[in-house]
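Colleague: Dropping the structure in here first, questions after.
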Amino acid sequence: MFWNDLVKLALLGTDRSQLSEAQLNELQQLGIDTSQAAPKLLLEAAALMAPMQKAGQALKSWTGPLPRAAEEEEEQRCSARSAYHLAQIITKEKEVLLQDFLDILHLSGRSLPPEQLPALLERALQSSTFWEKLRPVLGQKGNWLIRQHPEWKRLVELPPLKLWEEGKREERRLLLESLRRQQPEKGLEILQETWPSETPNDKAKFIDILQIGLSELDEDFLEGCLDDRRKEVRRAAAKLLRRLPESRLVGRMKERLHQHFTVKRKGGKKIKLEVQPPEEVDEEMKRDGIDIKLRWPRGGLKASRLWQIMSAVPPAFWPQSLELEEAEVLSLFAKNEWRELLVQALVDATHCHPSTEWRNLLVTFWIEHYGEPRWFDLNVKSLLEELPDQLPDEIMLPALRKIYEDIDAEDPISELLQMTPKRWSKELSLLVLKRLEGWIIEEGSGYQLNYHYRNILKNAALAIPPHLYPKLKGSWKAMERQYRAWEQDIFDFLAMLSFRQRMYEEIERSEGTESTE
């Protein structure tokens, strides 16, 4: 196709330029009479080729040997109706349901329809998280297809190891990432072989990649990197060593905490905790990644040093050290004069060393103390991102049962209920809709005043168990006065919930039966 040549000819004029013999032959093959006057020929060619250049594309020629056909599938493919549901999800702005579809398809033991595999494999190239969801439902056809495409093949096959010595920077990065996902020890081995000759910038970036498959096997190498001449390399290594709970670096941080905390007991379990932040930063602390210039907003440099030490130590250290329960430790910290720093450090330590118990405890603390000036700067965003696929009832139900009056958009409960794509239990779903109905009636029908309620309702369509649809579709009678203002929102909520119900029921219905395709 030579659309740009036609545009150029139209701009210059047919009296100043003309089409080549090859171009005239191509137009003739397309059925255009090339013997007509040049202006008319140009207009006819443009009319034919304008839609072609928008929607058409020339296919590449395949010159290699044809691959062997895929073997017959042993697993059962999803039904034709489920394939139709998947097509709707991909093409009709329901993509938020894609992960949901892949999850339940995996549980059913069925595989994806072949016609959707190319689009899904292209998406998998952009996201390793999506690839992990997609991989179990590819089926034999999908696993065959993935090896026929040079780009898709990267998802399941390692790039040639010679690229580590010969490849460009991006090729070397992709190779190291692939190795760390599939053979983490081999990834560390090739990095160590070329380490002395790597540039400082590349060293820091390669260390960051080691977070993929990070384990205690990486500790000796990372510990050695703490002595590198370049600060960015030392800090990258310290960042990863902080994530290994049994590393020597974390052990040194624990020893430092004993120097800066004094425990005084007054009979029984009554404890007074005295905190003394570090006055100076020695060379060993700098080696372990303590930033001497980082300033804590409410306490300055000394407070920042203490926070950096605390956030590297697993929160399990405190109950063992203080001989208290987790909730008692949090209460003790929250009453201390350094309360803001101590609690924030616990949050950041829990992000570094994940703990379900500490995460739930700290998120609950955030909810309960919302609005109090002293906790205004408490940042638990990292813990919210790590909540499981289903919002924990032990966090949500007690908090929601205490709330009857309306909530503002910044309220923690509002924020949690707008998180997508978290799922809700049946009990939580019914309680949320009961509260939501009350909030809407209380607030009235002002669109701007209660926009966060509309977001909660929109998210509820994705979070509520879909089998509740029959129970919920007629449960809006109490809102008769507000219904007109909320009619479209409720319609969209029920339509999405109904689609999810049909999607679930079809996969569950066809489970264990022969594919209809």
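Colleague: How many residues, within region 128-181, are under 22 Å from the mean Cα position of the chain (by Cα) and touching a residue at least 60 places away in the same chain (Cβ under 8 Å)?
Modeller: Number satisfying all stated conditions: 0.
Colleague: Separate question: Going by what's in this entry, would Leu273 be described as open to solvent by 20 Å² or more (accessible area, probe 1.4 Å) and touching a Phe, Trp or Tyr at 6+ places or on another chain (Cβ under 9 Å)?
Modeller: Judged against the criteria, Leu273 is not a match.
Colleague: Consider Val347 carefully, then state whether it is over 20 Å from Ala312 (Cβ atoms), among the β-branched types (Val, Ile, Thr) and part of a helix (DSSP H, G or I).
Modeller: So Val347 fails the test.
Colleague: For region 154-170, enumerate the residues that are at pLDDT below 90 and in a helix (DSSP H, G or I).
Modeller: Arg154, Leu155
Colleague: Sort out which residues of region 171-222 are modelled with pLDDT of 95 or more, open to solvent by 30 Å² or more (accessible area, probe 1.4 Å), among the hydrophobic types (A, V, I, L, M, F, W, C) and farther than 20 Å from Arg243 by Cα, and write them in order of number.
Modeller: Once the filter is applied, which keeps residues that are modelled with pLDDT of 95 or more, open to solvent by 30 Å² or more (accessible area, probe 1.4 Å), among the hydrophobic types (A, V, I, L, M, F, W, C) and farther than 20 Å from Arg243 by Cα, region 171-222 yields only Trp195.
Colleague: Sticking with this one: So is Trp476 surrounded by 19 or more Cβ atoms within 10 Å (Cβ to Cβ) and at pLDDT below 90 or not?
Modeller: Answer is no for this residue.
Colleague: Inspect region 342-355 for any residue being of a type in the set (S, T, N, Q) and open to solvent by less than 30 Å² (accessible area, probe 1.4 Å) and give the result as yes or no.
Modeller: Yes, the conditions are met somewhere in region 342-355.
Colleague: Still on this structure, I have one more. Quick one: what pairs do we get from region 93-117, first residue in contact (Cβ under 8 Å) with a residue 12 or more places away in the chain, second buried (at least 20 other Cβ atoms within 10 Å of the Cβ) and among the charged types (D, E, K, R), C-beta under 6 Å, 6+ apart or different chains?
Modeller: From region 93-117, the pairs are Ser111/Arg77.
Colleague: Output the number of the condition that Thr262 fails; it satisfies all remaining conditions of (1) closer than 18 Å to Phe365 by Cβ; (2) surrounded by fewer than 20 Cβ atoms within 10 Å (Cβ to Cβ); (3) among the polar types (S, T, N, Q).
Modeller: (1)
Colleague: Quickly run through region 285-338 and pick out the residues that are in contact with a Phe, Trp or Tyr (Cβ under 7 Å, 6 or more places away or on another chain) and open to solvent by less than 50 Å² (accessible area, probe 1.4 Å).
Modeller: Trp296, Ala303, Ser304, Pro315, Glu326, Val329, Leu330
Colleague: Return yes when Pro421 is within 30 Å of Trp358 (Cα to Cα) and out of contact with any Leu (no Cβ under 9 Å at 6 or more places or on another chain) and no when it is not.
Modeller: So Pro421 fails the test.
Colleague: Which is closer than 25 Å to Pro245 by Cβ, at pLDDT 95 or above and in contact with a Leu (Cβ under 9 Å, 6 or more places away or on another chain), of Leu397, Leu383?
Modeller: Leu383
Colleague: Separate question: Looking only at region 223-257, filter to residues that are of a type outside the set (D, E, K, R), without any contact (Cβ under 8 Å) to a residue 60 or more places away in the chain and more than 23 Å from Pro354 (Cβ to Cβ); which one of those is most open to solvent (accessible area, probe 1.4 Å)?
Modeller: It comes out as Gly224.
Colleague: List, please: which pairs have Cβ atoms under 6 Å, are six or more places apart or on different chains, and start with a residue in region 5-25 that is more than 11 Å from Pro39 (Cα to Cα) and end with one that is surrounded by 13 or more Cβ atoms within 10 Å (Cβ to Cβ) and β-branched (Val, Ile, Thr)?
Modeller: Leu24/Thr34
Colleague: Can I ask one more? If you go through region 259-290 one residue at a time, how many are touching a residue at least 24 places away in the same chain (Cβ under 8 Å) and within 29 Å of Lys335 (Cβ to Cβ)?
Modeller: The number of residues fulfilling the criteria is 10.
Colleague: Quick check on my filter: what residues within region 102-159 are of a type in the set (Gly, Ala, Ser) and either surrounded by fewer than 17 Cβ atoms within 10 Å (Cβ to Cβ) or in contact with a Ser or Thr (Cβ under 9 Å, 6 or more places away or on another chain) (or both)?
Modeller: Residues satisfying the conditions are Ser108, Gly109, Ala119, Ser127, Ser128, Gly139, Gly142.
The values are calculated or read from the model by the stated rules, or taken from the named source; none is laboratory data. Remember, it's a predicted structure, so these values are computed and weren't measured experimentally. Glycine also receives a Cβ, built like all others from the backbone with ideal geometry; neighbour counts cover every protein chain displayed. Protein only, heavy atoms only, side chains kept; ligands, DNA and RNA dropped before computing areas. Shrake-Rupley method; radii C 1.70, N 1.55, O 1.52, S 1.80 Å.
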